[in-house]
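S.K.: One structure coming up, written as structure tokens, with questions to follow.
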Amino acid sequence: MEDNGRESDHLMLITPERVFYAGLLGRPRKRTPGCCHVYVAVKGSLHLTIDDVLATAELFVTLPNQRHSIAGDYRTAISVTLEPESMPDGVIEALAQRLMGPDRAVYARKILAAYALLRQRRYGDINTAEFDEMCFGKALPRRVLDPRVTRAVARIERFSGEPVTADTCAAEAGLSASRFLHLFKEETGISFRSFRAWKRARHLLHFANQDLNLAHLAQDIGYPDSTHFSHSIRRFYGLKPRAIFVGSRDLAIYRSSETVRLAEAS
């Protein structure tokens, strides 16, 4: 497990398929992330708004690409995120039903206990199954992708500075662009363009506590310009890039060895 040497109650653990975040939520603006979120209140309650309907509870689950806003009674909250392409269809919906069912308070305490372990750094390296067991009590089913799609996903997540296009991935897979795009969506449940846009925005998390030139970072991640960068980040996170960096100055970021390996392969 790689960390950045900071000591803080605000932390983020990043793996290729999961993120555990405990920190500031920011202003409750609407966001449309490409992942599943499990929100848990550290103290008091959370307030979730979907389609102008407000609900209050200690734990909520939002589905990928579900537009919502989230606020809390306390300035710090927990967000556990799950990448949808890592699980078969229907798993996230079943998880949401389970977590927000009669045992909602039990699962909230389970995730709070995971936060306590992470704060004490009482963990070694962690894989997806271990992450799920820590947060939800058992490993979630894994989706097995076509190897051609797996290679395309790896290429997208490499962030080498080279633009990743459907044509490039199709050629590597030995398919026409149209056939590749159909295969990609069939396998992942997500269009190639939407997948690439979300992963680009997700990659920002690795740098959230660093003092960087945001225009240079946008270019490094693969955005064509700062305007596109800002609009994309606001759509996914409900916050401007600058607000994310300002609110993350005391955030300790940890990365699994698999995450580090992918980064070093770029």
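S.K.: Checking the conditions here, which among THR62, THR56 is among the β-branched types (Val, Ile, Thr), surrounded by fewer than 20 Cβ atoms within 10 Å (Cβ to Cβ), touching a strand residue (DSSP E or B) at 6+ places or on another chain (Cβ under 8 Å) and farther than 21 Å from ILE253 by Cβ?
M.R.: The match here is THR56.
S.K.: Now a separate question. Does region 132-140 include one or more residues that are part of a helix (DSSP H, G or I), among the acidic types (Asp, Glu) and within 19 Å of the chain's Cα centre (by Cα)?
M.R.: yes
S.K.: Something else about it: Can you list residue pairs whose Cβ atoms sit under 9 Å apart, with the first residue in region 187-204 being free of Cβ contacts under 8 Å to residues at least 24 places away in the same chain and the second being of a type outside the set (A, V, I, L, M, F, W, C) and surrounded by fewer than 20 Cβ atoms within 10 Å (Cβ to Cβ)? Count only pairs 6 or more apart in sequence or on different chains.
M.R.: So the pair list comes out as SER191/LYS185.
S.K.: GLU85 passes all but one of (1) touching a Ser or Thr at 6+ places or on another chain (Cβ under 8 Å); (2) crowded, with 20+ Cβ neighbours inside 10 Å; (3) under 17 Å from GLY26 (Cα atoms); which number fails?
M.R.: (3)
S.K.: Let me ask something else. Pick from region 24-35 the residues that are of a type outside the set (Lys, Arg) and either at pLDDT below 95 or more than 14 Å from the chain's Cα centre (by Cα) (or both): which of them is least open to solvent (accessible area, probe 1.4 Å)?
M.R.: LEU25
S.K.: Considering only residues that are of a type in the set (A, V, I, L, M, F, W, C) and more than 26 Å from the chain's Cα centre (by Cα), which ones fall in region 171-184?
M.R.: Answer for region 171-184, where residues must be of a type in the set (A, V, I, L, M, F, W, C) and more than 26 Å from the chain's Cα centre (by Cα): ALA171, ALA173, LEU175, ALA177.
The values are calculated or read from the model by the stated rules, or taken from the named source; none is laboratory data. Quick caveat: nothing in here was measured; it's all calculated off a predicted structure. Ideal geometry is used to build each Cβ from the backbone, glycine not excepted, and the neighbour counts take in all protein chains shown. Heads up: the accessible areas ignore ligands, DNA and RNA and are worked out on the full protein's heavy atoms, side chains in. Shrake-Rupley method; radii C 1.70, N 1.55, O 1.52, S 1.80 Å.
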